[in-house]
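Here is the structure we will look at.
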Amino acid sequence: MSTDIGRASLISSRVAVHGTPKGLNIFPSGDESGILRQFYQKTESDLDELMRVELAQNRQGSLECVYTFLRFNLLDFTGRPGSYLGLSVFTNKYYGDLSGMYDLLKMLFKKYFVGELISADGRKFEIPDFGNKSELFHKLEAAFDAGVDARSFRAIDTANLGHNVGNKASFHRDEVSASLAIEVVFSGGVVEVNTATPLGRERETLSKLQSIMDMHKEETDKMHSAHIDELRQLRETLNREIEHRDKTIQELSKEKASLQTTLDSLTQKLGDVQSKFKETVALFDSEGKDGDASTGRLAPKTTAGFKLRRTSLWTMMYRVLVLLLLITVLYLLIPMASQGARSSYRPVTSVGVSHPD
C-alpha cells in the first residue's frame, strides 16, 4: 500500500499470514519471516485472541511497526490441539489508534479467515497450507488499505529504542493508552491489546477485594497461630499427666506384687498351722482314751494330764484364730491400698481450648 499523507510522508504496508495448520506455515515467505517465527515457539495461550504491537527491523535495515492479530488454541488440519493462526501487518509508520487497529484486524480475520482457512466455528484448520490462497490475501491487503485512517499514522521515534527491550504491557481494548503504548513500543517493548485484561474500575474492585482477602488471611493466620499454641500447651499438659499416671501405675504394681508375696507367705503359714492343728486334735483324741488298746480297758483319767492337754489345745486354737484374723485384715487392706493410691493421682492442670466462631 502507498498512501500520500500531507505532502511529505508516504505510508507503506504489507500483510503476512502465518500459523500451524500442519507445522509452521508463512505466506508470503519474505524478509518478515524472522519475526513471525517467534510465534511458533508459543502456540498456546490463556487468551483465545489478542493483538500484539512491536517494532522490527527488515532486511534493508529499516524499522517497521508490526501489528499481529493472533488466535490461539486451535486444532490443526489433522485435529491435533495447540495450533495458532496469525494476521500480521507491517507498516513504516506507527498507527496511534490501537483500539481501531484491533477492531480492523479482528474484522479482517473473521471475514477472510473464518470459513476459509479455519472452520466456521473458528476452532480447526480447514487447509494444510496457505499457498493456494494467494488471491484471498490480495483481497485482504486491499481491505486493510481501505480500512485504516491515514491521519492516525505517525513517524517512528527511535530516541529511546532499546531501553525497554523484553518488557511487555497489556491493555484492555477499551482502555489502551496511546501515550503509554507509544512509550513501550518506541523503547523496544511489546504492547498486547485484548478484551480480557481487567478495566480500570475492575482493577480497582479487584484491588479492594484483594486487600480484604489479605486482611482476612492475616486475621485467620493469627487465630490459627493462637489455636496452635493452645493445642501445643494442651498436648504438653496431657503428656505430663500421662507420664504421672504411668508412674503411679508402676508404683501400684510394685506395691501389689509386694502385698501378694506377703499374702502367699501367710497363706502358706496358715496351711502349716492348720496341718499342725489337725495333728494336735488327732493326738488329743488318741490321748483322751484310757487303757490299753489291746485289752480294751479304759485307763482312769488324771486331772493334771487333762488340764495340760486342754491348755495346749486352747493355745493352739488361739494362735490359729489370730493368724486367720491377720490374713483377713490383709485381704481387706490390699484393695484399700490400691484404691487409695489411685485416689492420690490427680491430673496436673488442664488447658481450655477456645475455638474461633
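The values are calculated or read from the model by the stated rules, or taken from the named source; none is laboratory data. Please read these numbers as outputs of a predicted model, since none were measured by experiment. The area values use the complete protein model at the heavy-atom level, side chains included, leaving out ligands, DNA and RNA. Shrake-Rupley method; radii C 1.70, N 1.55, O 1.52, S 1.80 Å.
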Q) Put His138, His163, His18 in order of accessible area, largest first, 1.4 Å probe: what do you get? A) His163, His138, His18
Q.
Tell me the per residue accessible area of segment 23-158 using a 1.4 Å probe; a whole number in Å² is fine.
A. 46 Å²
Q: List the residues whose amide H sits under 5 Å from the amide H of Lys124, counting only those 5 or more places along or on another chain, with H placed 1.01 Å from N in the peptide plane.
A: Leu75, Ser119
Q: For Leu259, tell me the accessible area in Å² from a 1.4 Å probe, rounded to the nearest 10.
A: 50 Å²
Q. Which length gain, in nm to one decimal place, applies between Ala143 and Thr262 when the Cα-Cα distance is subtracted from 0.36 nm times their residue separation?
A. 31.3 nm
Q.
Could you sort Phe277, Phe171 by their accessible area in this structure, using a 1.4 Å probe and putting the largest first?
A. Phe277, Phe171
